[in-house]
1. State all residues of segment 39-56 that are touching a residue at least 40 places away in the same chain (Cβ under 8 Å), in a loop (DSSP other than H, G, I, E, B), on the phi < 0 side of the Ramachandran plot and surrounded by fewer than 19 Cβ atoms within 10 Å (Cβ to Cβ); if no residue qualifies, say none.
2. So Arg333 clears everything in (1) closer than 16 Å to Pro123 by Cβ; (2) buried (at least 23 other Cβ atoms within 10 Å of the Cβ) except one condition, right? Which one?
3. Tell me which residues, restricted to segment 369-395, are closer than 30 Å to Val222 by Cα and either small (Gly, Ala, Ser) or open to solvent by 40 Å² or more (accessible area, probe 1.4 Å) (or both).
4. For Arg102, work out the one condition from (1) part of a loop (DSSP other than H, G, I, E, B); (2) touching a Leu at 6+ places or on another chain (Cβ under 6 Å) it doesn't fulfil.
5. Considering Asn88, Asn8, which residue is over 27 Å from Ile243 (Cα atoms) and touching an Asp or Glu at 6+ places or on another chain (Cβ under 7 Å)?
6. What is the residue count in segment 175-193 for residues that are in a strand (DSSP E or B) and under 16 Å from Glu216 (Cβ atoms)?
7. Take Asp59 and decide whether it is under 19 Å from Gly361 (Cα atoms), surrounded by 16 or more Cβ atoms within 10 Å (Cβ to Cβ) and among the acidic types (Asp, Glu).
8. How about segment 248-294: which helices (runs of 4 or more DSSP H) wholly inside it have at least 1 residues that are over 20 Å from Arg307 (Cα atoms), of a type in the set (Lys, Arg) and open to solvent by 40 Å² or more (accessible area, probe 1.4 Å)?
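The values are calculated or read from the model by the stated rules, or taken from the named source; none is laboratory data. Fair warning: this is a prediction, and the values are worked out from it, not measured in the lab. Neighbour counts are summed over all protein chains in view; Cβ atoms, including those assigned to glycine, are modelled from backbone coordinates with ideal geometry. Only protein heavy atoms, including side chains, enter the accessible area calculation; ligands, DNA and RNA are left aside. Shrake-Rupley method; radii C 1.70, N 1.55, O 1.52, S 1.80 Å.
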Amino acid sequence: MSSLLLRNARLLDPAAGEYVEGDLRCADGRIVETGSGLKAGDVRTIDVQGGVVVPGLVDAHVHVTASTADLGSLPAQSPSYVAAHGMNTMGRMLERGFTTVRDASGADFGLADAQAEGLFRGPRLLFCGRALSQTGGHGDSRGRGTNRHDDHPCCAGLGRIADGVDAVRAAARDELRKGAHHLKVMASGGVASPTDRIDSVQYSAEELRAIVEEAEGANRYVAAHAYTARAVNRALELGIRSIEHGNLLDDRSVELFLEHDAFLVPTLVTYWALKEEGREHGLPESSWRKVDEVLGAGLEALERAARGGVKIVYGSDLLGGMHRHQNHEFRLRGEVQRPLDVLRSATSVAAELVGMTGEIGTLAPGAHADLLVLDGDPLADIGVLASPERFRAVIQGGLPV
């Protein structure tokens with residue numbers, strides 16, 4: 001790791017929410033100090049000339065192995081082909097300013113280890129392995145006429161089927177055995193699954209409790225795919241830490257988020273992208289027709305949650321060629337949230353969700369030296385973060401990428 005000094009910056013730590021003019025020094029991949037007139041010594045120095053410096057961004061809902069929107073076709077693809085696509089996808093995410101991502105099913109320890117060892121360029125990867133799904137649930141990609149399901153770990157795919165308390169315990173333990181940072185469960189129907197209804201509630205309470213218990217026993221947590229208030233509220237009552245999507249939540253949902261200190265990870269951009277171009281990237285027609293059920297409600301749910309004080313985290317959930325729209329989520333959220341709150345969702349609040357407060361999402365000494373140098377003020381115009389062409393530099397581990 002080499003040392004780096006940023007001179008004459010406008011430092012914006014999201015937690016404080018205020019600019020401080022000064023310098024920032026990195027060494028051995030960490031932020032060492034901030035202040036005015038720091039001594040350079042034998043350190044690479046960049047004069048950013050008043051540019052805004054913020055922590056590297058966190059996207060807490062990605063699918064880096066989803067090379068197509070036709071998720072049911074992934075198990076038939078070569079694992080090496082899917083991995084190559086995943087590495088390319090992660091490299092582009094880094095270019096868009098995302099220095100840490102949380103994969104919400106599909107990625108495994110192989111991709112995470114390869115990135116950490118520097119075998120390819122990409123964001124830090126927090127993975128859950130395969131999402132747990134009931135038969136006929138959101139993680140079951142079989143059509144009605146298909147009976148066999150191959151859950152072999154060498155096959156690509158986002159979900160694994162497990163039915164019954166004993167089976168979900170075994171599946172949860174298996175993902176934890178392989179190093180999962182969190183577990184993912186399908187607690188309601190979804191858009192990309194062929195045989196369920198979006199308004200369905202999935203898994204029994206006993207099964208969800210068992211999964212939560214296994215995660216807590218390993219000092220990990222559970223994220224749940226859930227759309228309707230019925231599914232969201234039940235998941236929160238059973239100990240789920242983060243709700244993915246939540247487009248149809250209600251006022252009781254807001255109360256439960258606060259009671260359980262849980263997090264909401266909206267993914268507005270994926271519905272916008274699926275509606276605009278999902279079919280071009282492999283989304284089956286039957287799934288495309290389901291998009292409207294959640295598309296319009298997303299902003300309303302976000303506004304309701306933000307007004308109620310829910311902890312909200314940045315997520316995109318894009319598939320295939322639609323990954324390029326990852327930063328557009330900033331614009332969509334800016335329609336109902338303050339720019340500072342949107343920035344926090346992709347930095348300090350995301351860090352809290354993934355258990356890395358003080359490590360990422362901050363400019364405090366000791367944190368990973370993952371930084372963005374911006375050509376503009378994101379507190380005045382959140383569109384700055386939605387436009388990677390306005391990033392003067394993306395820095396990961398103290399090194400410009």
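1. Val43, the sole residue that qualifies.
2. The single condition Arg333 does not satisfy is (1).
3. Selection gives Ala369, Ala386.
4. Just one mismatch for Arg102, condition (1).
5. Asn8
6. Number satisfying all stated conditions: 3.
7. Yes.
8. 268-277
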